[in-house]
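The structure under discussion appears below in the form of structure tokens.
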Number of protein chains: 2
Amino acid sequence: MASEAEFLKGYDPGAYPAVAVTVDVVALTIRDGELCVLLVERAEHPFAGRRALPGGFVRGEGLDDAALRELQEETALGKVHLEQLRTYGDPGRDPRMRVFSVAYLAFAPGLPEPRAGSDAAGAAWVPVEQATGLAFDHDTILADGLDRARSKLEYTPLATAFVGDEFTIGELRQVYASVWGEELHAGNFHRKVLSVPGFVESTGATTARGGERGGPRAKLYRAGDAQLLHPALLRPAREDGVR
Amino acid sequence: MASEAEFLKGYDPGAYPAVAVTVDVVALTIRDGELCVLLVERAEHPFAGRRALPGGFVRGEGLDDAALRELQEETALGKVHLEQLRTYGDPGRDPRMRVFSVAYLAFAPGLPEPRAGSDAAGAAWVPVEQATGLAFDHDTILADGLDRARSKLEYTPLATAFVGDEFTIGELRQVYASVWGEELHAGNFHRKVLSVPGFVESTGATTARGGERGGPRAKLYRAGDAQLLHPALLRPAREDGVR
DNA sequence: CAAATAGTGTCTCTCAGACAGTATTGT
DNA sequence: ACAATACTGTCTGAGAGACACTATTTG
């Protein structure tokens with residue numbers, strides 16, 4: 001048997017059919033109480049002119065680094081949570097060649113206006129209900145990303161990734177309401193968030209002034225050190241059984 | 001601007017650096033009350049002689065199909081649950097070239113003896129605590145798969161994928177105990193499983209005889225139609241806070 | 001008979017959700 | 001004044017877990 005060194009020397013990477021690996025990012029933020037996703041308009045074939053998730057081919061970097069790079073090409077953002085979603089590899093999902101797309105999910109606070117990237121005619125935050133008819137299989141990827149985001153809010157403190165470093169319980173509630181698409185009872189939500197150990201911690205400060213239409217000044221909180229919420233904040237109003 | 005057809009005609013897939021995509025499968029089953037993973041011994045470089053997760057290069061098929069094919073090359077199994085885990089793509093994780101591995105998680109009931117596959121010197125079910133020192137980054141992949149499996153038992157009915165079509169509540173409890181690595185209170189578990197709508201449904205029959213060391217005949221159940229458990233069967237004894 | 005297991009009853013504590021109520025701010 | 005919002009109090013019902021208990025079967 002040949003040694004490993006000899007084996008590697010005789011190995012010919014070109015002997016295999018060409019495949020490519022891309023990353024695509026489902027980047028979510030909340031603008032004006034609406035859950036929005038970052039979309040680009042494709043400048044080149046295939047799907048020129050169609051809206052798509054930001055993404056591109058992976059270079060000599062790791063997957064996480066590639067996702068971060070693609071995201072920063074479209075929008076300048078500071079704090080961002082990034083996690084792998086899943087990989088899409090159906091033959092024929094890209095007309096050029098066999099392309100595997102590793103999809104990522106990103107949560108960002110606030111509203112940095114996006115900038116046009118290299119391979120995109122334009123980039124924009126689009127309310128998720130209006131984000132349809134995307135290029136490739138990006139409709140499916142977006143739907144999977146939204147599922148993941150909605151479910152992760154239940155048992156992880158990731159809602160804090162959608163707000164600034166200091167936030168009020170009301171702002172946090174608005175995150176849940178926007179992502180889940182339903183209003184939450186303010187009083188019960190308040191008590192529940194504070195009852196979960198490590199979810200939020202008080203800064204001692206309050207907002208400078210009350211709400212725009214009245215109300216007392218709210219206390220400010222930071223994200224705590226919990227990695228999982230216990231007890232979880234379960235989504236209401238789901239059907240039992242099959243769901 | 002060129003039409004999409006002209007663009008595709010002039011497109012040269014070989015202009016990109018060669019990358020490869022593989023699937024690797026974390027296949028779990030329960031043998032003698034122990035959680036076991038399917039491992040092969042690699043016959044070829046790299047990592048010849050080392051144990052590894054079953055897997056191989058993706059051909060012209062979809063990712064799910066590739067995972068199923070690789071699994072069937074190693075062991076003849078009937079009913080099996082298969083789901084994508086995540087993708088590993090660090091540069092340097094394979095010494096031959098840039099290889100992206102799409103990892104899958106499989107749950108299978110019972111104990112089909114594995115058979116040697118094409119690129120493996122042998123295949124065997126190995127208790128997960130003894131599955132260390134694997135080739136590539138398979139230790140990491142296995143650990144991620146176990147995390148996922150342990151967590152999925154909580155809120156999905158996937159425990160039924162580890163048992164036959166008909167099973168007793170005691171067998172189901174043994175699945176949870178094996179995967180979580182801790183004993184569960186028999187009485188409370190029993191009542192809880194039956195209280196979750198759609199988790200199991202009665203067949204009306206009972207086992208032919210009691211346990212080996214005594215006890216009444218147990219009622220037999222099938223998997224129900226629930227996709228999610230509500231309420232969930234939460235794992236006991238986890239630390240609060242950071243966890 | 002003794003041991004093991006299936007399944008049930010009951011109690012306590014926690015938590016979710018409904019609802020009401022008070023305090024504090026902006027227009 | 002009035003509306004809006006931040007919080008807190010209280011009640012009810014569901015569920016988790018501890019424990020005890022009965023019934024059934026094997027050796």
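Annotations for the structure displayed:
- Counting the residues of the range A:86-113 that are open to solvent by 10 Å² or more (accessible area, probe 1.4 Å) and at the interface with another protein chain (Cβ under 10 Å from one of its Cβ atoms) gives 10.
- All conditions but one from (1) open to solvent by 40 Å² or more (accessible area, probe 1.4 Å); (2) within 15 Å of DNA strand D (Cβ to nearest atom) apply to B:Ala223; the one that does not is (2).
- There is at least one residue in the range A:145-154 that is modelled with pLDDT of 95 or more and under 22 Å from A:Ala20 (Cβ atoms).
- Verdict on B:Gly62 being touching a residue at least 12 places away in the same chain (Cβ under 8 Å), out of contact with any Leu (no Cβ under 6 Å at 6 or more places or on another chain) and outside the structural domain of B:Gly164 (by TED's automatic domain parsing): no
- Meets criteria (away from chain B (no Cβ under 14 Å), over 24 Å from B:Tyr155 (Cα atoms), away from DNA strand D (no atom under 11 Å from the Cβ) and charged (D, E, K, R)) for A:Arg213: no
- The listed residue being at pLDDT 95 or above, surrounded by 15 or more Cβ atoms within 10 Å (Cβ to Cβ), in a helix (DSSP H, G or I) and touching a strand residue (DSSP E or B) at 6+ places or on another chain (Cβ under 7 Å), out of A:Asp24, A:Asp64: A:Asp64
- Failed condition for B:Arg173, given (1) within 27 Å of B:Leu28 (Cα to Cα); (2) touching a strand residue (DSSP E or B) at 6+ places or on another chain (Cβ under 6 Å): (2)
- When the residues of the range A:169-195 are filtered to those that are surrounded by fewer than 18 Cβ atoms within 10 Å (Cβ to Cβ) and of a type in the set (S, T, N, Q), the one that is farthest from DNA strand D (Cβ to nearest atom) is A:Ser195.
- B:Phe162 more than 14 Å from chain A (Cβ to nearest Cβ), open to solvent by less than 50 Å² (accessible area, probe 1.4 Å), within 14 Å of the chain's Cα centre (by Cα) and among the aromatic types (Phe, Trp, Tyr): yes
- Being in contact (Cβ under 8 Å) with a residue 12 or more places away in the chain, among the β-branched types (Val, Ile, Thr) and more than 11 Å from chain B (Cβ to nearest Cβ) is a property that A:Thr156 lacks.
The values are calculated or read from the model by the stated rules, or taken from the named source; none is laboratory data. Note that the structure is predicted; figures quoted are calculated from it, not measured. All Cβ positions, glycine included, derive from the backbone under ideal geometry; neighbour counts span all protein chains shown. The protein model used for the area step is the full one, side chains on, heavy atoms only, and it has no ligands, DNA or RNA in it. Shrake-Rupley method; radii C 1.70, N 1.55, O 1.52, S 1.80 Å.
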